[in-house]
């Protein structure tokens, strides 16, 4: 799964990698957790790529209330095209979630007990960014409040991730951004083909401080190797 990540790349780097049109306001964040506002890249009204902040945790348009969003932070690539919560978004409202890296927890033995050690996984090249495959939805509450939400698609772990966890986010290649974001692309087989594990050689992983375990905390020290 993907339940925590960071985005601290400079605005210029985010704009360049995702070919964004227009500005956005999103400061460095080192401990992004579900239900928080996150940066997403999506098609604009004229086909351009724009960045907006959405709530992490997808709320389908048919949901009765917002609570379902906390359970729908991830969508499995194997079933995303069929699951009622995701299938409409998969066909029409796809997005990319920029990230400097993400966290995963590995059970380890310490002093005779099992604890979960956090690891940070980032691109091999310092300063590069991941582009997670994501979905968006628009939900309107009974009193008319409009909420835009998103989720991150996951897939099987690659060789780097396997010792830590059996799942990982779908990390799109830069050459696949256009096909993924194209609202006119309704070819399910073509879209599914993009939802594969990233090459192991494109990322590195290392243990980080357990202070990241608290979603209420945020610090650049969280992404530093122990």
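Values in this text are rule-based calculations from the coordinates and carry no lab data. Here the structure is a predicted model, which means the values were calculated and not measured. Cβ atoms come from the backbone with ideal geometry, glycine included; neighbour counts cover every protein chain shown.
Here are a few things to note about the model shown:
- Residue 127 in a strand (DSSP E or B) and either closer than 30 Å to residue 47 by Cα or without any contact (Cβ under 8 Å) to a residue 60 or more places away in the chain (or both): no
- Filtered residues of the stretch 11-28 (kept if under 18 Å from residue 126 (Cβ atoms) and under 18 Å from the mean Cα position of the chain (by Cα)): 11, 13, 14, 17, 28
- Counted residues, the stretch 41-64 - those being more than 23 Å from residue 31 (Cβ to Cβ), in a loop (DSSP other than H, G, I, E, B) and either touching a helix residue (DSSP H, G or I) at 6+ places or on another chain (Cβ under 8 Å) or touching a residue at least 24 places away in the same chain (Cβ under 8 Å) (or both): 4
- Test: residue in the stretch 70-84 that is over 20 Å from residue 155 (Cβ atoms) and surrounded by 17 or more Cβ atoms within 10 Å (Cβ to Cβ): no
- With respect to being closer than 28 Å to residue 52 by Cβ, assigned to a loop (DSSP other than H, G, I, E, B) and without any contact (Cβ under 8 Å) to a residue 24 or more places away in the chain, residue 184 fits the description.
- Failed condition for residue 27, given (1) without any contact (Cβ under 8 Å) to a residue 24 or more places away in the chain; (2) crowded, with 22+ Cβ neighbours inside 10 Å: (2)
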